[in-house]
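The values are calculated or read from the model by the stated rules, or taken from the named source; none is laboratory data. Everything quoted here is computed from the prediction, not taken from an experiment. For neighbour counting, all protein chains shown are included, and Cβ atoms are generated from backbone atoms with ideal geometry for every residue, glycine included. In case anyone asks, the SASA skips ligands and DNA or RNA and just uses the protein heavy atoms, side chains included. Shrake-Rupley method; radii C 1.70, N 1.55, O 1.52, S 1.80 Å.
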Amino acid sequence: ALNPPLTAPDEVPEYTPDVQRALLYAWLAGLVAGMRPLPILAALGGRGSGKSWLARGIAKLLMGGEGDVTPLSDDPRDFQTLTIRRPLVGLDNVDDATKAAAWLPDALATAATGGRWQGRQFHTRADVFDAPLQAAIIITSRTATFARADVAERTLPLFCESLSDDARVADSALLEELLDGRSALLTHLAQQAADMQGIIDSAPSGVPVRFLDFGRLV
């Protein structure tokens, strides 16, 4: 579930599967360590490439059996609520983003940067609701229509390659393997995150990325 076949995009051949896996590994360690903000993790690929299971697997790794991905809602308040109540939000198959074109890119850019949701408390005249947008974001897509320029610079893309028929594994088997190994994998990632945090001060300065803490972690 957490190891789909990856491929380098034609326009950036240096962005190899090994590079992408190293970045994914650092992202997972940062996720478990509670590092925020993190870049939006975008699993991109055609049908049957394992991108949805990658997102679902990460959600279940972090949150257990109830962790999962969800379709994009027409109501921006659903997304806002998830980003303040959950440690992770997974949006699956965000291909027709036109129905949310008025709010999705802005919401993604704000959530990835780690802003706050502020406004009037519903059913009151003057009470204020104020909560941090704390969730890490995962998106799966074939077309990446959500990736406006300011969203793209906040995104860590993984390019998933379609699986052959004989390489497919049943959903039930993927889920069983993931849940069976969850405790060991979380322990491993927590230890790796602690080791990374112990040497992060030795990271070079001037890392040319949007998320400096994540760049230093990498």
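Based only on Cα atoms, what Rg/Rh ratio does the stretch 1-111 have, Rh being taken as Kirkwood's radius? Walk me through the intermediate numbers first.
Details: Rg = 14.5 Å, Rh = 15.2 Å.
Ratio of gyration radius to Kirkwood radius for the stretch 1-111: 0.95.
How large is ³J(HN,Hα), in whole Hz, for each residue of the stretch 161-174 in order, when computed from phi with the Karplus curve 6.51 cos²θ - 1.76 cosθ + 1.60 and θ = phi - 60°, using x for Gly and Pro?
Whole-Hz 3J(HN,Hα) from phi for the stretch 161-174: 9, 4, 7, 6, 4, 6, 9, 6, 10, 4, 4, 4, 5, 4.
Which value in deg cm²/dmol, rounded to the nearest 500, describes the helix-derived mean residue ellipticity at 222 nm for the chain, given -39,500 (n - 2.57) per DSSP H run of n ≥ 4 and division by the residue count?
Details: 7 runs with 88 residues, N = 218.
Value at 222 nm, helices only, nearest 500: -12500 deg cm²/dmol.
Considering only the other residues whose Cβ falls under 15 Å of the Cβ of LEU189, what net charge follows from Lys and Arg at +1 and Asp and Glu at -1?
Residues close to LEU189 contribute a combined charge of +2.
Summing Lys, Arg as +1 and Asp, Glu as -1, what charge do residues with Cβ under 15 Å from the Cβ of GLY50 carry, GLY50 excluded?
Details: positive: ARG21, ARG47, LYS51, ARG56, LYS60, ARG142, ARG168; negative: ASP92, GLU161, ASP165, ASP166, ASP171, GLU177.
It works out to a net charge of +1.
Binned at 10 Å from 0, what are the whole-percent values of the Cα-Cα distance distribution for the stretch 71-166, short to long?
Reading the bins upward from 0: 14, 45, 27, 10, 2, 1, 0.
Students often check this: by mean Cβ neighbours within 10 Å, which of 204-214, 31-41 ranks highest, and how do the rest follow? Provide the component values of the computation, followed by the final result.
On the way: 204-214: 12.6, 31-41: 20.0.
Highest-to-lowest ranking by the protection proxy: 31-41, 204-214.
Accessible area per residue for the chain in Å², computed with a 1.4 Å probe and the full protein assembly in place, what is it? Could the numbers behind the result be given before it?
On the way: 11500 Å² over 218 residues.
For the chain, the per-residue accessible area is 53 Å².
Size of the dipole of the chain about the Cα centre, Lys and Arg at +1 and Asp and Glu at -1 on the beta carbon, nothing else charged, in debye to 20? The partial results should precede the final answer.
Details: 20 positive and 27 negative charges, 139 e Å.
Charge dipole of the chain: 660 debye, to the nearest 20.
Tell me the carbon and sulfur percent of the accessible area for the chain, rounded to whole percent, probe radius 1.4 Å. Please list the in-between numbers first.
Working: 5970 of 11500 Å².
Within the chain, the accessible surface is 52 percent carbon and sulfur.
In Å, what is the Rg of the alpha-carbon atoms in the stretch 110-155, and how long is Dmax?
14.7, 43
When all C-alpha to C-alpha distances in the chain are sorted into bins of 5 Å, what percent of pairs does each bin hold, rounded to whole numbers?
1, 7, 14, 18, 20, 17, 12, 6, 3, 1, 0, 0, 0
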